[in-house]
Amino acid sequence: MNNSFSDSSQIGIVSTFSELVNTDFKGERNALCWYRNLEGDFAAIVNQLQLKENITEVSPEDLLALQLSEKGNRAREIILNDFRLLTDFGASPSLNLLKCYERDEEFDFISTDVYSYHVDRSPIATDTFLCTYHGQASEIIPNEQAEQKIRIPEIRKKLKALHNGPSEEFEDFLKENYFDLHYQAQPHAAPINLGLGHLWRLAVDHPEQQVLPCIHRAPIEKEGEYRLLLIC
């Protein structure tokens, strides 16, 4: 087992989907990992799918239409089963073939795209689920190893200048533009790569949340390599 997973107080390791969805976040633990060593040729699926845009959503029907080898078929069965498990649980999974995400280049002093460390927020109780089957995997970082960007003095000063409005509306401005969701890793931070094939459940910022939301980010993709990512 990956020592960075089992040694981290941030991560809980489970061995079934039922454990994944029924284990509570607690204390520092705001990420749960259904640890799996998947057997199957996921590259065969990626090689047959057609990228229509930088992000292409792949339906179960698209997967079923592929002509695959025995190992490719095994990979397809795993993905379809993950779809069923999450759907039956009440989630809305999306399988994405990814070349890259859109970059946020509007401001040179703060980024709000998914390549920036960030947390997810919801008005209702929910969690983020994700699994990378092929390509570069996402990262998480312990909360104590990152600082909210809006708390960094030089960034905060520039945001106040950008706001240019009443001081009592500044915090609302930060939330409305999602600036408050983004974090900067500290110099000696030790990010944890989520690896391939594991199904993750990450804590989200919502009104009923009992733990800190999980700080995570999308990886920089390798040139010429697509990611295959299940997320909801």
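Looking at segment 172-232, the accessible area is 51 square angstrom per residue; that uses a 1.4 Å probe and ignores ligands, DNA and RNA.
Counting only protein heavy atoms and using a 1.4 Å probe, what share of the accessible area of the chain belongs to carbon plus sulfur, as a whole percent? Using a 1.4 Å probe with all protein chains present, the chain comes out at 45 percent carbon and sulfur. Computed from Cα atoms, the angle from the helix 153-163 axis to the main principal axis of the chain rounds to 80 degrees.
I need the fraction of alpha carbon pairs in segment 1-85 separated by more than 16 Å, rounded to a whole percent.
In whole percent, the share of Cα-Cα pairs in segment 1-85 beyond 16 Å is 63.
Against the chain, whose longest principal axis is taken from its Cα atoms, helix 70-89 shows a tilt of about 50°.
Before rounding to the nearest 500, sum -39500 (n - 2.57) across all DSSP H runs of length at least 4 in the chain and divide by the residue total; then give [θ] at 222 nm in deg cm²/dmol. Please list the in-between numbers first.
Values: 7 runs with 60 residues, N = 232.
Rounded to the nearest 500, it is -7000 deg cm²/dmol.
Once the piece of chain linking Lys222 and Arg121 is laid out straight, how much longer is it, given 0.36 nm per residue of separation minus the C-alpha distance between them? Don't skip to the end; give the middle numbers.
Working: separation 101, 0.36 × 101 = 36.36 nm, distance 2.84 nm.
Contour length minus Cα-Cα distance gives 33.5 nm.
In the structure shown, the pairs Lys99/Lys175; Lys71/Lys222; Lys52/Lys157 are assessed against 31 Å; a Cα-Cα span above that value is assigned to Lys52/Lys157. Here the convex hull built on the C-alpha positions of segment 26-153 has a volume of 156 cubic angstrom per residue.
With a simple spin-label model that places each label point 7 Å from the Cα along the Cα-to-Cβ direction, the separation between Asn37 and Phe107 comes to 4.6 nm.
Between amide H atoms placed 1.01 Å from N, distances below 5 Å from Asp205 occur with Asp120, Arg121, Ser122, all of them 5 or more places distant or on a separate chain.
Per residue, what volume in Å³ does the Cα convex hull of the chain take up?
Hull volume normalised by residue count: 141 Å³.
In this simple spin-label approximation, Lys158 and Ser69 carry label points 7 Å from Cα along the Cα→Cβ vector, and these lie 4.9 nm apart. Applying the Karplus relation 6.51 cos²θ - 1.76 cosθ + 1.60 with θ = phi - 60° to segment 208-225 yields 3J(HN,Hα) values of 9, 5, 9, 10, 5, x, 7, 8, 8, 7, 7, x, 6, 6, 7, 4, x, 10 Hz, where x marks Gly and Pro.
The values are calculated or read from the model by the stated rules, or taken from the named source; none is laboratory data. Here the structure is a predicted model, which means the values were calculated and not measured. Backbone-built Cβ (ideal geometry, glycine too); neighbour counts: all protein chains shown. Side chains are part of the model used for accessible areas, which takes the heavy atoms of the whole protein and leaves out ligands, DNA and RNA. Shrake-Rupley method; radii C 1.70, N 1.55, O 1.52, S 1.80 Å.
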